[in-house]
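Take a look at the structure set out below.
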Amino acid sequence: MRRKEKEITSRGEMDQIIHNSLICHLSCSLNDHPYVVPLSFGYDGNAVYFHTAREGKKNDILSANPRVCLGFEHEIQIQPDPDLACRWSFHYQSVIATGIAEVVTNPKDRLYGIKQIMLHFSDKDWEISEKELSRVTIWQVILTEITGKISPANKS
């Protein structure tokens with residue numbers, strides 16, 4: 001990382017940023033054509049879970065090339081400068097992670113994955129029927145590399 005003073009090295013801090021992020025950006029590529037999409041997600045400290053329709057562009061890309069990059073951001077605030085346009089900045093916390101996306105096929109693991117997604121947005125332990133679960137594809141990305149960065153708020 002070029003700006004070492006902004007690097008987050010604590011895995012606990014990076015995990016907290018992921019847990020506090022509203023969405024995850026999934027970046028993938030097929031035949032040198034990049035594709036990025038915001039997703040709802042769940043995170044258990046080891047893997048990120050997301051769901052897709054049973055068919056579609058994400059599934060096609062991930063089935064052909066499962067290598068992905070995930071982006072998370074939290075506490076984004078614009079930092080304006082009253083005098084110079086080039087001094088405007090942002091306060092943020094961000095995490096970039098890489099891994100391999102895999103379809104979750106085991107019924108118990110599928111239920112675990114969808115419950116992780118719901119736990120991210122709700123404290124409730126939802127009852128999810130097999131019929132509901134059968135309508136989606138559950139994906140798991142075990143994080144193989146993770147980096148974090150913070151740009152603190154300017155002190156005025």
Here the qualifying pairs (Cβ atoms under 9 Å; residues six or more apart or on different chains; first in region 118-136 and of a type in the set (G, A, S); second part of a loop (DSSP other than H, G, I, E, B)) come out as S134/R54
In region 5-22, what residues are surrounded by 14 or more Cβ atoms within 10 Å (Cβ to Cβ) and without any contact (Cβ under 8 Å) to a residue 24 or more places away in the chain?
Q16
Would you confirm whether any residue within region 73-91 is in contact with a Gly (Cβ under 8 Å, 6 or more places away or on another chain) and either farther than 21 Å from S151 by Cβ or part of a strand (DSSP E or B) (or both)?
no
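Name the single residue that is surrounded by the fewest Cβ atoms within 10 Å (Cβ to Cβ) among those in region 109-130 being in a helix (DSSP H, G or I) and among the hydrophobic types (A, V, I, L, M, F, W, C). Spell out the reasoning first.
Applying the first criterion (in a helix (DSSP H, G or I)) to region 109-130 yields 109-121, 130.
Right, trim to among the hydrophobic types (A, V, I, L, M, F, W, C) and you get 111, 114, 117-119, 121.
On the way: L111: 16, I114: 21, I117: 21, M118: 16, L119: 17, F121: 11.
Result: F121.
Each reported figure results from applying straightforward, stated rules to the coordinates on display, with no laboratory input. The shown structure was predicted, so the numbers you read here are calculated from the model rather than taken from an experiment. Neighbour counts run over all protein chains shown; Cβ positions are idealised from the backbone, glycine included.
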